[in-house]
Amino acid sequence: MSPFQTFTARLVGSASLSELTKHLEFEMPGEKRFGFVAGQWLSFKQIKPDGEELTRAYSIASPPGGDARFALCLNRVQDGFMSNFLCDMKEGDEIRCQGPFGDFILRPPMRDTIFIATGTGIAPFRSMLHWLLADASRHQGKQLRLLFGNRYEKDIYYHDEFQRLAGQHSNFHYLPALSQGAADWQGLRGYVQQHVPEIVQGRSDMHAYICGLDNMVKANRELLKSLGWNRKSIRYEKYD
């Protein structure tokens, strides 16, 4: 498949992650392999009822593999045509898309790394972490910490999956944080930026990848820079 080719994606599976959030699995009919780098995104095109062509971008939520499949993690947005169209797709339905695009990808050399996400900002990190942990030569034994913030426990996408990964890999540490957790919540509480100083412990020789809404991304970037981090060690992607 050539770069930035427009292709057809066929839905082969879907699962509800929360009341408004879905995990969607696609395949590309006629393609043997879909090449992309963990962290990249795709551009989706659909014609609205009024004839306007709408284009929206979504991060790939699955790791690169040897096949022509990929996954998305997305929220229904009120009055959002594309998000509702995708969430309403049935198995066998098709949509046009183009890509892969984006340079929010893992940068060498491999270092101890903190991944900071909220909401569907987890999508590129699911891709990155599954890819890294599948081969020891990729993560090189470096310490990987996923700090994943949400409001309530029901909003923690892929919770069991990340717990399993942490149980299988001693160098992967899964740190879910809730800003409005129930009384019996045993994990971190508050906003993700409240926990970053304790996690990095005064170090500035790590990598940070941040993905989510603008305010969260900005708060964590400024915090890390105030802790003495070089801006080149901080990579981010905003969803608004």
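The values are calculated or read from the model by the stated rules, or taken from the named source; none is laboratory data. Everything quoted here is computed from the prediction, not taken from an experiment. For neighbour counting, all protein chains shown are included, and Cβ atoms are generated from backbone atoms with ideal geometry for every residue, glycine included. Just so you know, the surface numbers come from the protein's heavy atoms only, side chains and all, with ligands and any DNA or RNA stripped out. Shrake-Rupley method; radii C 1.70, N 1.55, O 1.52, S 1.80 Å.
General remarks:
- Using every pair of separate Cα atoms, the Kirkwood estimate puts the hydrodynamic radius of region 56-158 at 15.6 angstrom.
- Over the chain, relative contact order from alpha-carbon pairs under 8 Å, at least 6 apart, %: 18
- Distance between the 7 Å Cα→Cβ label points at Arg10 and Asp214: 4.0 nm.
- Separation of the Asp205 and Asp112 label points, Cα + 7 Å toward Cβ, nm: 0.9
- Candidate aspartates and glutamates for bridging to Lys218, where Cα separation is under 16 Å - those fewer than 8 sequence places away on the same chain excluded: Glu237, Asp240
- Qualifying aspartates and glutamates (Cα of each under 13 Å from Cα of Lys154; at least 8 residues distant if same chain): Glu19
- Local charge for Arg221 was computed over the other residues whose Cβ lies under 13 Å away, with Lys and Arg +1 and Asp and Glu -1, and equals +3.
- Mean residue ellipticity, 222 nm, helices only, the chain: the sum of -39500 (n - 2.57) across DSSP H runs of n ≥ 4, divided by residue count and rounded to 500, is -6000 deg cm²/dmol.
- Per residue, the chain exposes an accessible area of 49 Å² to a 1.4 Å probe, with every protein chain left in place.
- Set of lysines near Lys48 by C-alpha distance (under 26 Å), chain-local residues within fewer than 8 positions excluded: Lys22, Lys90, Lys238
- Remark: spin-label model distance Ile105-Lys45 equals 2.3 nm, labels positioned 7 Å along the Cα→Cβ axis.
- Portion, in percent, of the accessible area of the chain that falls on carbon or sulfur, probe 1.4 Å: 46
- Distribution of pairwise C-alpha distances over region 1-86, 5 Å bins, in %: 3, 13, 23, 26, 19, 11, 4, 1
- Mean separation of Cα contacts under 8 Å (6+ apart) over length of region 61-161, as relative contact order %: 33
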